[in-house]
Ligand code: ADP
Ligand code: ZN
């Protein structure tokens, strides 16, 4: 953006706020002037909101009525690099810029003047009478001594009115002091030696280090099976970035994975990394946000939102398990954190490492085409091998009703338990049974608000909708036909599998890992650590267990239903099943113990199942790439979903049909529109969802055409339109 960088008192400036309906608004520069990039507080209607000085004013607005910027916040100004990133990301995802800015200003209490935060501690003074309310304030101050609060926060914490706190301060019973500046983070020492690397690892680490020393942008796929030392290698890249005085960011798909990583960082660099995700306290996030801008944070490990931190000098971004679907944000601003990491790095001149045992097809293709460099760690560390993989042909197994562990799998389990080794059963279904149905009329229980079945969760003794989270009691009387006592669970979930395993192996210690069975990320972490230490004989889990956890005693993985992901018409089904099965199998066999993975399948001849068993990865990717190429879909074509939603299906469909007909802007670039058709989640929280899919060739101005196409749409009432660039399913 052109224009001056400094605005004198009273000069017109454009300020971008995070208010969805307003873009850049005109103000007068505050007393003392302001600079481009300054975080400011501005009046907006009756409110005060946070904004960023974006550039020269747009003009046009009556100068006499311009309001003045209230103040410049005491934080590092937004750098040009982050501004550009937000602008390009907004353009790419067709997101209004204010919503993008919102992602970058998610620091709790960002707008609080630092002068309002104080440290409180009990003092020697005596208030007139020690009422309950006063005592609660003193207790709260004693308990949280050293933490900085605003007076209102302390009052809220103690459940009293602010006047009680003020009174105590006046009487000297409570001492109020200036809050110290943010506590600095302990320094990580990149010069400390790491582990002695194998030849493979050393070569990969050297290549990454060289890239960072050379500076500038570049992306590398770091491919290697679980346990091959990818983490060890990218820690070397982190060390190099830190040694250059630059910052590093490591993204992980799952909060539960950060624990082990933090421990390893501490062992390697002598101090912990900063941890950024929704489970981190507000004051800690505030501190990380501010310190990232000042360069006081060297290494951040976190969830995808960490990508929007105002780093002073980001030199490296690692995306661990880069293929993981949870990098795609599916609500609010729809973006893929892996792609956005590459975008930000290309703007700020940083290196990207995409680490995976089973890369996404997009990344594999980019590496084949030479857009990304590729480093392979061919073997596991130590002498451990990739597990042997075998199919159990379920057509040849005699199964009792209500049983899912085949005799062949049961025998393998028994053997492992006898040898004192650990086994894992994998089933990607939470709850007790996926279907609850009436034996009298055959009707299934569905969610009232979503297009989804209600899933029985026995530990809650309720049915739950996995789309919206609604629960209700398990009905005794059929809601459809009124028959009594005929409702029955059908099919297996992990809870039911646990029951079956417990009946088969009454002596075995069984641990079930499913996200809904743990109250907190910390409880889940503890369970994972206990399993790793040998606290279970059989681990039962959903896809939660597929994600990079390190279980050294595990030697057998049994996949209950390898065909599960192959149903449906999603073009990514093959890729996802292949990745998931290889990931899960990769849990088995580490150190000196060989592993075995057994896949229960009704279609052992299916090409995807055969590719999984043969381990011919490159062959699988090549075949998959050819199929996508032939179909003209990503990564060989461009794709976008337009999701229309509303309470009234008729109105949603009508809008969809209107859009499908008015496709002039799309035809100009040779794009095609499919639909409207029910979206992959067709009804959610009482809203109907319909999707139009747009497909275009690569190299055409795709976003521009989409923007022109949807620009005339005025959504009335509760109708909503969301754009999903590069949808996960198509
Ligand atoms: P990945 O990230 O590919 O799953 P890790 O880096 O976690 O692999 O390595 C797997 C295990 O092997 C870890 O416990 C790690 O500490 C150990 N390891 C890997 N490489 C080495 C090495 N060169 N020296 C010692 N231990 C290593
Ligand atoms: Zn629901």
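Read-outs: derived from the displayed coordinates by stated rules, not from any lab. These figures come from a predicted structure and were not determined experimentally. A quick note on method: Cβ atoms are made from the backbone with ideal geometry, for glycine too, and the neighbour counts reach across all protein chains shown.
One compactness figure for the chain is 1.05, namely its Cα radius of gyration divided by 2.2 N^0.38 Å.
When peptides 549-558, 688-697, 30-39 are ranked by their average number of other Cβ atoms within 10 Å per residue, the highest-first order is 549-558, 688-697, 30-39. Computed from the C-beta positions of residue 503 and residue 602 and an R0 of 25 Å, the FRET efficiency is 0.60 to the nearest 0.05. The mean sequence separation of alpha-carbon pairs under 8 Å and at least six residues apart, normalised by the residue count of region 199-377, gives a relative contact order of 37 percent.
Between residue 711 and residue 648, take the C-beta separation as r, use R0 = 22 Å, and let me know the FRET efficiency to the nearest 0.05. That gives a FRET efficiency of 0.40. With both labels modelled 7 Å from their Cα along Cα-to-Cβ, the residue 6 to residue 443 distance reads 7.5 nm. Quick check on region 329-449: take the gyration tensor over C-alpha atoms, sort the square-rooted eigenvalues as a ≥ b ≥ c, and tell me if it's rounded (a/c under 1.5), prolate or oblate. The shape class here is oblate. Taking the C-alpha atoms only, the angle from helix 230-243 to the longest principal axis of the chain is near 20 degrees.
By DSSP, the beta bridges lying fully in region 199-377 are antiparallel in about 5 percent of cases. Relative contact order for region 575-730: 25 percent, from Cα pairs under 8 Å spaced at least 6 residues apart, divided by residue count. Fewest-first ordering of 317, 72, 301 by other beta carbons within 10 Å of each residue's beta carbon gives 72, 301, 317. Helix 407-418 and the long axis of the chain differ in direction by around 70°, with both axes built from C-alpha atoms. The DSSP beta bridges internal to the chain are antiparallel in roughly 55% of cases. For region 434-490, the alpha carbon convex hull comes to 71 Å³ per residue, rounded to a whole number. Against the chain, whose longest principal axis is taken from its Cα atoms, helix 282-294 shows a tilt of about 70°. Distance between the pseudo-spin-label points of residue 183 and residue 58 (7 Å out from Cα toward the beta carbon): 4.5 nm.
Explain nothing, just the number: relative contact order of the chain, from Cα pairs under 8 Å at least 6 residues apart, as a whole percent. Normalised by residue count, the contact order of the chain is 10 percent. For region 637-725, the alpha carbon positions stretch 39, 24, 16 Å along the principal axes, listed from largest to smallest.
Sorted fewest first by neighbouring Cβ atoms within 10 angstrom, 454, 653, 78 come out as 653, 78, 454. Mean residue ellipticity, 222 nm, helices only, the chain: the sum of -39500 (n - 2.57) across DSSP H runs of n ≥ 4, divided by residue count and rounded to 500, is -9500 deg cm²/dmol. Sorted on the mean count of surrounding Cβ atoms within 10 Å across their residues, most packed first, peptides 606-612, 219-225, 681-687 read 219-225, 606-612, 681-687.
Each label was represented as a point 7 Å from its Cα along the Cα-to-Cβ direction; for residue 697 and residue 313 these points are 4.5 nm apart.
For region 261-297, the residues whose backbone nitrogen is under 17 Å from a point 7 Å from the Cα of residue 331, taken along Cα to Cβ, are 278-279. With neighbours defined as other Cβ atoms within 10 Å of a residue's Cβ, the residues 399, 424, 100 order from fewest to most as 399, 100, 424.
For residue 401 and residue 346, the difference between the fully extended length at 0.36 nm per residue and the C-alpha to C-alpha distance is 14.2 nm. With a Förster radius of 45 Å, plug the Cβ-Cβ distance of residue 515 and residue 130 into 1/(1 + (r/R0)^6) and report the FRET value to the nearest 0.05. Calculated transfer efficiency: 0.45. Over the Cα atoms of region 255-412, the radius of gyration divided by the Kirkwood radius equals 1.09; this is the Rg/Rh ratio.
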